[in-house]
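Student: Got a structure for you, questions after.
The values are calculated or read from the model by the stated rules, or taken from the named source; none is laboratory data. Just so it is clear, the structure is predicted and the values come from calculations on it, not from any experiment. So basically every Cβ, Gly included, is an ideal-geometry build from the backbone, and we count neighbours across all protein chains shown. With ligands, DNA and RNA removed, areas are computed over all heavy atoms of the protein, side chains included. Shrake-Rupley method; radii C 1.70, N 1.55, O 1.52, S 1.80 Å.
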Amino acid sequence: MSKIISLHGNNSSLILACNDVDLPQIVYWGDSLKLSKAEQQQLLVQLVRTVPQASLDEDVPLTLVPLWGNGGFQLNALAGCSDGKNWAPQFKKIISLDSTENSLTVCAQDEQSELELKISIVLNQWDVIEHNITLSNLATQDYQLNELWLSLPLEAQVCDMIQFHGRWIHEFQTQRNKIDQPGYVVENLKGRTSNDNPPLLIVGSNGFNQQSGNVYGFHLAWSGNHIYKVNTLSDGRKLVQFGEKLLPGEIQLETGASYSTPTLYASFSAAGLNGFSHNFHNFIRQSNKFIPHNLPYRPIHFNTWEAMYFEHNLAQISQLIERAAVIGVERFILDDGWFKGRNHERAGLGDWFIDKGKHPQGLTPIIEQVIKRGMEFGLWFEPEMVNPDSDLFRTHPEWMLQVQGYSQPLGRYQYALNLAIPEAYAYIHHCIYDLLSKNKISYIKWDMNRDLVQAGGANDIAGVHQQVLATYRLIEQLHHEFPKVEIESCASGGARADLGILRYTNRVWTSDCNDPYERQSIQRGFSYFFPSEIMGSHFGPAQAHTTNRLSTLEYRILTNFFGHLGFEQNLLELTDAECQQLAHYLKLYKQYRSLIHSGRLVRIDTIDNGQNIYGVINPAQTQALFALAQNDFPCNMIADKLRISYLNPNAMYKVKLLNAQDNTGYLMKKSLPLSTGELVISGKLIAEIGIQLPIMHPQSILLMLIEQIK
């Protein structure tokens, strides 16, 4: 007997059709939709479809788990076998089907293969779907699992998509395409989330933009190998599928064993890209799925890496501490180079003991000075790696993640440790535990600087899956032991930024590139799924180390305002005037930090592709802070008006710039009211007519405050 089950979030609904012999199928996903009993019956009638010629004689429903065995063909979501058999199961025996206002759990079996599927799908209060599947082997013979994907169908009207790509120092780039026949496949086999192909996807109706249109966002919460597909079906519908990319032989299910997919998070909004971002941001901030990110405040960082690299000079470190405190830094992080044998990147990883040559009294004098100056102390680690030139590797070469008989290639002159080996795990845990228990360390920068190649585990079986789980387990254990220590996810920049690792880490290092021009696009791409307070965003030197591009101090600092602010530059190279300027901006940042890290992020559509306008608005719509970034040469002689539709149309607002514009006389013969003073304007006028913006130099930025007049 068929029936309709409806799941409801705050502003969206997911409607499924269920019967006694098929897995459920999604028949609607969109704006909130409540159906009466009569309308549910009407919908069931509408599910009967024509059967075209040159096809199977019965219509094949598009269920939550499309299968070869049912005629799913290229949509198949489960692949595997038992000694070459049981490769096309059907799961026609529905064991249980339980639903609530916002969740559905289905248990089904295939009697021939003796496999069992448990499917869970939740539409939570933040309008984010949480979808996962567990496959259990009930048979007496082993079952080798090759693929298990999470599948969500979409209407034919979904025809545009934004994919994410990039590389080291150029992460979170977006590419927009039409969804054409037959489909798209994106794979990542690097053993971590990757800079190149992160598990992120946005699709939507024709012409969706930042502020309008139906948009669906997808994110697989997994920090290892993954795959996703976007298929156009013969009836025009689209099917999005995500899953862990399993290596050959990686998952062998013995009798009674189970495999659970990573969770696929997906969200719909009728309010464009901003709307779906708000759903994800609120979910990350407010749910209990992740390490708490809404801390009292996010301390401003200073990280020593670009200031001194491996050269740990105690006098210089002391001077850096003093300079950092003077300008307003709140957390001082000692980066790579503090441990035994670490004078360059070719040695020392794995020997997590303080280098007595560089630090004869340990880290105590540094930590005491940092704390005395009112800052917290943080320390860099790369626990998953080992250099061949290390005592650890010389003692335990068998702890390397490798396949016996093959030569393991180096990456950044290092190998990966197999944390699934209990002794290797225990050693690394002991090293970190010892340092945290003996030193007042408030923060760990947890790095991971290479991709995994031939990542063999026990008996040379592929070990990426177990390595990811062991890494999660290690970080989680340390959190339980040291609950006040925050941990950053860093991986050659942003190569491990996902909602899997964010269950255990408080922050993501977005990119090793601190060039503000590049950061504008990197941070914009990052912001689609992740809120501002998670985004590590650092001020670097005038000449960027990664691009050699020169930029002004103001452009550098204000680009980083809308993230978790920090510093990477050698502060001792700054002039007194620059320090005073930075101290002013840090004071300003602290004044508006709570707004930046809790408000709704808004990205504004512009006709100028070289312009990036974004900001945050508090929930009461009484205060907003916007960045007007002119990254490239303006496309028009006169700038467009800024229209913001997220304020209260019936309220009056005071609008002013928080920084002055340089060379206004050269750019404009006549200054605007906004450039010389405050504007008083209604929310309706801001939304419908807009605020006239000044002409701006390339690579310049203005900070605009909007406050309601009471």
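Student: Can you tell me which condition Trp380 does not meet? The list is (1) farther than 25 Å from Ile441 by Cβ; (2) open to solvent by less than 30 Å² (accessible area, probe 1.4 Å), and all the others hold.
Tutor: Here Trp380 meets the rest and fails (1).
Student: Same structure, new question: I'd like to know if region 531-542 contains one or more residues that are farther than 29 Å from Phe276 by Cβ, part of a loop (DSSP other than H, G, I, E, B), of a type outside the set (S, T, N, Q) and open to solvent by 10 Å² or more (accessible area, probe 1.4 Å).
Tutor: We begin by selecting, within region 531-542, every residue farther than 29 Å from Phe276 by Cβ; these are 539-542.
The next check asks that each one be part of a loop (DSSP other than H, G, I, E, B); those that pass are 540-542.
Then keep just the ones that are of a type outside the set (S, T, N, Q); that gives 540-542.
Of the ones still in play, those that are also open to solvent by 10 Å² or more (accessible area, probe 1.4 Å) are 541-542.
The answer is yes, given that some residue of region 531-542 is farther than 29 Å from Phe276 by Cβ, part of a loop (DSSP other than H, G, I, E, B), of a type outside the set (S, T, N, Q) and open to solvent by 10 Å² or more (accessible area, probe 1.4 Å).
Student: Only one residue in Ser234, Ser223, Ser260, Ser277 is surrounded by fewer than 22 Cβ atoms within 10 Å (Cβ to Cβ) and modelled with pLDDT of 95 or more. Which one?
Tutor: Details: Ser234 fails: modelled with pLDDT of 95 or more; Ser223 fails: surrounded by fewer than 22 Cβ atoms within 10 Å (Cβ to Cβ); Ser277 fails: surrounded by fewer than 22 Cβ atoms within 10 Å (Cβ to Cβ).
Of Ser234, Ser223, Ser260, Ser277, the one residue that is surrounded by fewer than 22 Cβ atoms within 10 Å (Cβ to Cβ) and modelled with pLDDT of 95 or more is Ser260.
Student: Tell me the residue from Gly217, Gly204, Gly243 that is open to solvent by less than 10 Å² (accessible area, probe 1.4 Å) and within 13 Å of the chain's Cα centre (by Cα), please.
Tutor: Gly217
Student: Please go through region 371-422 and give me each residue that is over 29 Å from Ile317 (Cα atoms) and of a type in the set (D, E, K, R), ordered by number.
Tutor: Across region 371-422, the qualifying residues are Arg394, Glu398.
Student: Counting just the residues of region 570-585 that are assigned to a helix (DSSP H, G or I) and free of Cβ contacts under 8 Å to residues at least 12 places away in the same chain, which one comes out least open to solvent (accessible area, probe 1.4 Å)? Spell out the reasoning first.
Tutor: Step one: filter region 570-585 for residues assigned to a helix (DSSP H, G or I), giving 571-573, 576-585.
With free of Cβ contacts under 8 Å to residues at least 12 places away in the same chain added as a condition, the list becomes 576-577, 580, 584.
Values: Asp576: 111, Ala577: 68, Gln580: 133, His584: 98 Å².
Of everything passing the filter in region 570-585, Ala577 is least open to solvent (accessible area, probe 1.4 Å).
Student: Please determine, by comparing only the residues of region 410-446 that are under 24 Å from the mean Cα position of the chain (by Cα) and open to solvent by less than 10 Å² (accessible area, probe 1.4 Å), which one is farthest from Trp380 (Cα to Cα).
Tutor: In this case the residue turns out to be Leu419.
Student: Are any residues in region 517-569 in contact (Cβ under 8 Å) with a residue 40 or more places away in the chain and aliphatic (A, V, I, L, M), and if so, which ones?
Tutor: Across region 517-569, the qualifying residues are Ile522, Ile534, Leu558, Leu565.
Student: Taking the residues in region 55-69 that are open to solvent by 40 Å² or more (accessible area, probe 1.4 Å) and in contact with a Ser or Thr (Cβ under 9 Å, 6 or more places away or on another chain) as candidates, determine which candidate is farthest from Ser12 (Cα to Cα).
Tutor: So the first thing to find is which residues in region 55-69 are open to solvent by 40 Å² or more (accessible area, probe 1.4 Å), and the list is 55-61, 68.
Then keep just the ones that are in contact with a Ser or Thr (Cβ under 9 Å, 6 or more places away or on another chain); that gives 55, 59.
Details: Ser55: 34, Asp59: 28 Å.
Result: Ser55.
Student: Still on this structure, I have one more. Test Arg556 against the stated conditions and say whether it is in contact with a Phe, Trp or Tyr (Cβ under 8 Å, 6 or more places away or on another chain), open to solvent by 20 Å² or more (accessible area, probe 1.4 Å) and either under 27 Å from Thr505 (Cβ atoms) or part of a strand (DSSP E or B) (or both). Spell out how you get there, then give the answer.
Tutor: Working: in contact with a Phe, Trp or Tyr (Cβ under 8 Å, 6 or more places away or on another chain): yes; open to solvent by 20 Å² or more (accessible area, probe 1.4 Å): no; either under 27 Å from Thr505 (Cβ atoms) or part of a strand (DSSP E or B) (or both): yes.
No; evaluated as a whole, the condition is false for this residue.
Student: Scan region 70-106 residue by residue and report those that are in contact with an Asp or Glu (Cβ under 9 Å, 6 or more places away or on another chain) and open to solvent by less than 20 Å² (accessible area, probe 1.4 Å).
Tutor: Gly71, Asn76, Ala77, Leu78, Ala79, Gly80, Ser82, Pro89, Phe91, Leu104, Val106
Student: Would you confirm whether any residue within region 411-418 is modelled with pLDDT of 95 or more and in a helix (DSSP H, G or I)? Talk me through it step by step, then tell me what you get.
Tutor: Filtering region 411-418 for residues modelled with pLDDT of 95 or more gives 411-418.
Then drop every residue that is not in a helix (DSSP H, G or I), which leaves none.
The answer is no, given that none of the residues of region 411-418 is modelled with pLDDT of 95 or more and in a helix (DSSP H, G or I).
So that you can scan it fast, the table gives a plain yes or no per residue for (1) modelled with pLDDT under 95; (2) in a strand (DSSP E or B); (3) surrounded by fewer than 24 Cβ atoms within 10 Å (Cβ to Cβ):
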residue	(1), (2), (3)
Ile475	no, no, yes
Ile487	no, yes, yes
Asp498	no, no, no
Leu502	no, no, yes
Asn514	no, no, no
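Student: Do you know which of the residues in region 458-473 that are over 30 Å from Tyr528 (Cα atoms) and in contact with a Leu (Cβ under 7 Å, 6 or more places away or on another chain) is surrounded by the fewest Cβ atoms within 10 Å (Cβ to Cβ)?
Tutor: As a first pass, look at region 458-473 and keep what is over 30 Å from Tyr528 (Cα atoms): 458-463.
Checking which are in contact with a Leu (Cβ under 7 Å, 6 or more places away or on another chain) leaves us with 462-463.
On the way: Ala462: 20, Gly463: 27.
Only one residue fits best here, namely Ala462.
Student: Something else: Just need a number here: residues in region 300-357 that are closer than 23 Å to Phe562 by Cα and in contact with a Gly (Cβ under 9 Å, 6 or more places away or on another chain).
Tutor: Residues flagged as closer than 23 Å to Phe562 by Cα and in contact with a Gly (Cβ under 9 Å, 6 or more places away or on another chain) within region 300-357 amount to 13.
Student: Based on this model, can you work out whether Trp29 counts as surrounded by 12 or more Cβ atoms within 10 Å (Cβ to Cβ), over 30 Å from Leu247 (Cβ atoms) and either modelled with pLDDT of 95 or more or of a type in the set (Val, Ile, Thr) (or both)? Please lay out each step first, then the result.
Tutor: On the way: surrounded by 12 or more Cβ atoms within 10 Å (Cβ to Cβ): yes; over 30 Å from Leu247 (Cβ atoms): yes; either modelled with pLDDT of 95 or more or of a type in the set (Val, Ile, Thr) (or both): yes.
For Trp29, the condition - surrounded by 12 or more Cβ atoms within 10 Å (Cβ to Cβ), over 30 Å from Leu247 (Cβ atoms) and either modelled with pLDDT of 95 or more or of a type in the set (Val, Ile, Thr) (or both) - is met.
Student: May I pose another question? How do the pairs read when you match residues in region 315-336 that are under 10 Å from Leu571 (Cα atoms) with residues anywhere that are among the polar types (S, T, N, Q), using Cβ under 6 Å and keeping only pairs 6 or more apart or on different chains?
Tutor: What qualifies is Ile321/Gln369.
Student: Pick out the one residue from Arg331, Arg346, Arg285 that is basic (Lys, Arg), open to solvent by less than 10 Å² (accessible area, probe 1.4 Å) and either on the phi < 0 side of the Ramachandran plot or at pLDDT below 95 (or both). Working first, answer last.
Tutor: Working: Arg346 fails: open to solvent by less than 10 Å² (accessible area, probe 1.4 Å); Arg285 fails: open to solvent by less than 10 Å² (accessible area, probe 1.4 Å).
The conditions single out Arg331.
Student: Within region 597-610, work out how many residues are polar (S, T, N, Q) and free of Cβ contacts under 8 Å to residues at least 40 places away in the same chain. Walk me through it before giving the result.
Tutor: Of region 597-610, the ones polar (S, T, N, Q) are 598, 606, 609.
The next check asks that each one be free of Cβ contacts under 8 Å to residues at least 40 places away in the same chain; those that pass are 606, 609.
Selection size over region 597-610: 2.
Student: Within region 115-123, can one find any residue that is open to solvent by less than 10 Å² (accessible area, probe 1.4 Å), without any contact (Cβ under 8 Å) to a residue 40 or more places away in the chain and touching a strand residue (DSSP E or B) at 6+ places or on another chain (Cβ under 8 Å)?
Tutor: First pass over region 115-123, keeping only residues open to solvent by less than 10 Å² (accessible area, probe 1.4 Å): 115, 117, 119, 121, 123.
So of that shortlist, the ones also without any contact (Cβ under 8 Å) to a residue 40 or more places away in the chain come out as 115.
Of the ones still in play, those that are also touching a strand residue (DSSP E or B) at 6+ places or on another chain (Cβ under 8 Å) are 115.
Looking through region 115-123, at least one residue is open to solvent by less than 10 Å² (accessible area, probe 1.4 Å), without any contact (Cβ under 8 Å) to a residue 40 or more places away in the chain and touching a strand residue (DSSP E or B) at 6+ places or on another chain (Cβ under 8 Å).
Student: Sticking with this one: Are any residues in region 133-169 surrounded by fewer than 22 Cβ atoms within 10 Å (Cβ to Cβ), of a type in the set (S, T, N, Q) and within 16 Å of Leu239 (Cα to Cα), and if so, which ones?
Tutor: Gln157, Gln163, listed by residue number.
Student: For residues in region 293-328 being under 29 Å from the mean Cα position of the chain (by Cα) and open to solvent by 80 Å² or more (accessible area, probe 1.4 Å), which is modelled with the lowest pLDDT?
Tutor: Residue satisfying both the conditions and the ranking: Asn294.
Student: Return the residues of region 174-192 that are open to solvent by less than 10 Å² (accessible area, probe 1.4 Å) and either among the basic types (Lys, Arg) or part of a strand (DSSP E or B) (or both); say none if nothing qualifies.
Tutor: Asn188
Student: Could you pull out the residue among Glu171, Glu130 that is more than 26 Å from Asp22 (Cα to Cα), assigned to a strand (DSSP E or B) and touching a Ser or Thr at 6+ places or on another chain (Cβ under 6 Å)?
Tutor: Values: Glu130 fails: more than 26 Å from Asp22 (Cα to Cα).
Glu171 is the lone residue from the list that is more than 26 Å from Asp22 (Cα to Cα), assigned to a strand (DSSP E or B) and touching a Ser or Thr at 6+ places or on another chain (Cβ under 6 Å).
Student: Given the criteria open to solvent by 10 Å² or more (accessible area, probe 1.4 Å), out of contact with any His (no Cβ under 6 Å at 6 or more places or on another chain), on the phi > 0 side of the Ramachandran plot and of a type outside the set (Ser, Thr, Tyr), does Asn449 qualify? Write out each step before concluding.
Tutor: On the way: open to solvent by 10 Å² or more (accessible area, probe 1.4 Å): yes; out of contact with any His (no Cβ under 6 Å at 6 or more places or on another chain): yes; on the phi > 0 side of the Ramachandran plot: no; of a type outside the set (Ser, Thr, Tyr): yes.
Against the criterion (open to solvent by 10 Å² or more (accessible area, probe 1.4 Å), out of contact with any His (no Cβ under 6 Å at 6 or more places or on another chain), on the phi > 0 side of the Ramachandran plot and of a type outside the set (Ser, Thr, Tyr)), Asn449 does not qualify.
Student: Taking the stated definitions as given, is Asn195 open to solvent by less than 10 Å² (accessible area, probe 1.4 Å) and touching a residue at least 60 places away in the same chain (Cβ under 8 Å)?
Tutor: Values: open to solvent by less than 10 Å² (accessible area, probe 1.4 Å): no; touching a residue at least 60 places away in the same chain (Cβ under 8 Å): yes.
When the stated conditions are applied, Asn195 does not pass them.
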